[in-house]
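Report on the structure given below.
The values are calculated or read from the model by the stated rules, or taken from the named source; none is laboratory data. All values reported here derive from a predicted model rather than from experimental measurement. Calculation scope for accessible area: heavy atoms of the full protein, side chains included, ligands and nucleic acids excluded. Shrake-Rupley method; radii C 1.70, N 1.55, O 1.52, S 1.80 Å.
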Amino acid sequence: MFPDPVLVCVVRVMVMFRVWLAFSLVLARVNAQSCTTDDYSIQYGGSTYFSVSAANSTCACRGGFVASGQSSFGAAATFQGPTSFAAPTTFGAAATFQGPASFAAPATFSAPATFPGGVGSAGVATNFAGGITAAGTITATGGLQSNGYRVQRDFYTWNTFEYGTNVCLHLKTNIRTNSYAMYRLQIEGYAMGAGQDILNVAVGYGYPTCDCIHQGQVYNRAPGATLTQYRTADGFVALKLQFPESYYAGLAVSAWQVNQYTLG
């Protein structure tokens with residue numbers, strides 16, 4: 001049940017989002033001798049090196065790509081299927097990963113790297129377990145997740161061009177109030193119509209004894225929106241943002257669950 005609002009809300013919008021996602025990655029592995037346009041997965045057990053040549057200036061793989069040895073790509077590389085790199089990997093030219101990409105060792109990108117499906121977004125999980133060094137640009141259309149999904153940057157965005165005063169936005173999370181899950185949620189954005197910054201933080205943790213938000217606090221650090229948090233009728237943490245002026249407002253939500261008790 002929503003709490004009685006302090007101010008009258010002209011518009012209410014309910015959005016369900018998740019602040020933690022787990023992915024499983026299954027690869028069919030088939031031995032092959034070179035990286036070609038192949039509908040099957042390709043597996044390399046030793047070091048692999050691909051360089052620009054007159055005959056083939058790119059490495060394009062339609063199937064999966066698995067490399068357990070050190071890899072180096074001197075030519076532009078496009079991977080349409082799942083990829084897995086168990087040893088250090090170097091990309092000297094542009095790289096595009098259209099499927100899930102997993103790096104268990106340091107990966108160095110000296111040219112732009114593009115992840116069309118998003119880094120850590122639903123269906124396309126990209127992990128840099130060994131660290132990543134990028135001299136070029138990394139482009140992600142989704143949010144960024146790190147430290148085993150404990151930190152998730154900009155995993156949800158929202159905007160509106162609707163004009164109104166005292167407009168409310170309700171955001172329902174998947175954090176249960178009886179779970180001991182500790183969290184920090186931060187909202188950042190810009191309310192153009194009001195000419196004001198949006199910066200709000202909510203912290204707390206679920207407490208099974210009372211099935212409530214324990215030690216919950218909110219911090220409204222900019223005038224563009226006022227934040228409160230509450231327990232929904234079905235037992236989840238929810239946020240309510242109230243905008244003095246919503247015209248062309250936009251925001252992004254990030255989450256930190258780095259304490260001992262998290263969703264995962």
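Tabulated values for the structure
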| quantity | calculated |
| --- | --- |
| Nonlocal amide H pairs with Val167, under 5 Å, H built at 1.01 Å | Val10, Phe243, Ser246 |
| Solvent-accessible surface ranking, highest first, for Cys212, Cys168 at 1.4 angstrom | Cys212, Cys168 |
| In order through the range 241-252: 3J(HN,Hα) via Karplus (6.51 cos²θ - 1.76 cosθ + 1.60), integer Hz, x for Gly, Pro | 9, 10, 9, x, 8, 9, 4, 6, 8, x, 7, 9 |
| Amide H partners (placed H, <5 Å) of Phe65, local residues excluded | Ile42, Thr83, Ser84 |
